[in-house]
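The values are calculated or read from the model by the stated rules, or taken from the named source; none is laboratory data. As the structure is a computational prediction, the values presented were derived from the model and not from experiment. No Cβ is skipped: glycine too gets one built from the backbone with ideal geometry, and neighbour counts run over all protein chains shown.
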Amino acid sequence: MEQMVVASLLVALLAVIALYERELRRMARFLGRSDRTANERVEVGFSTPGISLVAAAVNRGMEERSDERAAVGEQRRAFQHGLAALSHDIRTPLSGAQGYLQLHDRSSDSVERARCLRGAASCLADMRALTDALLDYAKVSSQDGPLELSPVAVMPALASVLADAYPRFAERGWEPAILFADEGVRVMADEGSLERVLSNLVANALQHGASAPVISQGFLPAPDGGDARIVVVSVSNEVGDAGSIDVDRLFERFYQSDGARSGAGSGLGLAIVARLCERMGGSAAAGVEGGRLSISARLPAA
């Protein structure tokens, strides 16, 4: 009698093992198939807590991979769209320069020829600015890891940037307002990268803004609740069509709002800002309120 019980238990055990083996083999075949549809999921024929957990884990992984593929596809489409737009933006000044030079060759009037040369030079300068932005973005993006940081005073760096931008401010008749909570504030940064961040923020305000910018500085508490504070430097001014700006995409490479696309910008300046802030242990942020666009760099206080 005891032998029969043992035999029965052994047969039952072998049957359970066979069922487990069948389910595991079915899952393996499912995962090994190359013709799975994006929304296909593994189904359980022999349900036990263990098998159900494995199937749920497999399906979760499938969903995550599907989401990742969708995100990558969206990023690829956005990149291709941006690259096509940037190619058009580069081709436009090149075609303009060629047109001016053709008019120069056809004209015998010295004044007209001089005007054509100035026009061609302006177009080539626009194209140079676009290609320089591409090169700068490529350099920033190709470098990984944090920069070597040291305490850097923000105000002198900003003063240097504003001095370089003075001709553009003068052309517009603008005078930036500077509102610093602490004019002696220092941040942990790479000095050259900090100046590049501030320069790109000021250039963005000059190129796309509709009023003189306000450059302000304040503080935020450390995200981890520690004693260290975050220094926030913001550049804000009115913009012509605030509704066309998607602040969630402002730091994407090649992104330009519909209202800015007709300008000579590359859509890379703020992407460079975000990348440099990240490499200095900080971040970049943007917001639109009351027709004003505000873009800020957030870096650890020294």
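A few remarks follow.
- Residues of the range 193-218 that are in a helix (DSSP H, G or I), among the polar types (S, T, N, Q) and in contact with a strand residue (DSSP E or B) (Cβ under 8 Å, 6 or more places away or on another chain): 204 alone.
- Scanning the range 161-201 for residues that are more than 15 Å from residue 298 (Cα to Cα) and of a type in the set (Val, Ile, Thr) returns 161, 178.
- Close contacts from the range 37-60, counting a first residue that is closer than 22 Å to residue 17 by Cβ and a second that is at pLDDT below 80 and part of a loop (DSSP other than H, G, I, E, B), with Cβ to Cβ under 7 Å and a gap of 6+ residues or different chains, come to 51/44; 52/44; 55/42; 55/44; 58/42.
- Here residue 270 clears all of (1) in a loop (DSSP other than H, G, I, E, B); (2) at pLDDT below 95 except the condition numbered (1).
- Residue 162 satisfies every condition listed in (1) assigned to a helix (DSSP H, G or I); (2) farther than 16 Å from residue 273 by Cβ; (3) touching a helix residue (DSSP H, G or I) at 6+ places or on another chain (Cβ under 9 Å); (4) at pLDDT below 95 except (4).
- Search result, residues across the range 165-192 that are more than 25 Å from residue 146 (Cα to Cα) and in a helix (DSSP H, G or I): 165, 166, 167, 168, 169, 170, 171, 172
A quick yes/no check of all residues on (1) closer than 18 Å to residue 93 by Cβ; (2) surrounded by 15 or more Cβ atoms within 10 Å (Cβ to Cβ); (3) not small (Gly, Ala, Ser):
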{"residue": "109", "(1), (2), (3)": "no, no, yes"}
{"residue": "115", "(1), (2), (3)": "yes, yes, yes"}
{"residue": "119", "(1), (2), (3)": "yes, yes, no"}
{"residue": "137", "(1), (2), (3)": "no, yes, yes"}
{"residue": "152", "(1), (2), (3)": "no, yes, yes"}
{"residue": "157", "(1), (2), (3)": "no, yes, no"}
{"residue": "162", "(1), (2), (3)": "no, yes, yes"}
{"residue": "165", "(1), (2), (3)": "no, yes, no"}
{"residue": "172", "(1), (2), (3)": "no, no, yes"}
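- Failed item, numbered, when residue 43 is tested on (1) of a type in the set (Asp, Glu); (2) at pLDDT below 75; (3) over 37 Å from the mean Cα position of the chain (by Cα): (2)
- Any pair with Cβ under 9 angstrom, 6 or more apart, that starts in the range 4-25 at a residue that is surrounded by 10 or more Cβ atoms within 10 Å (Cβ to Cβ) and ends at one that is of a type outside the set (A, V, I, L, M) and assigned to a helix (DSSP H, G or I): 20/50
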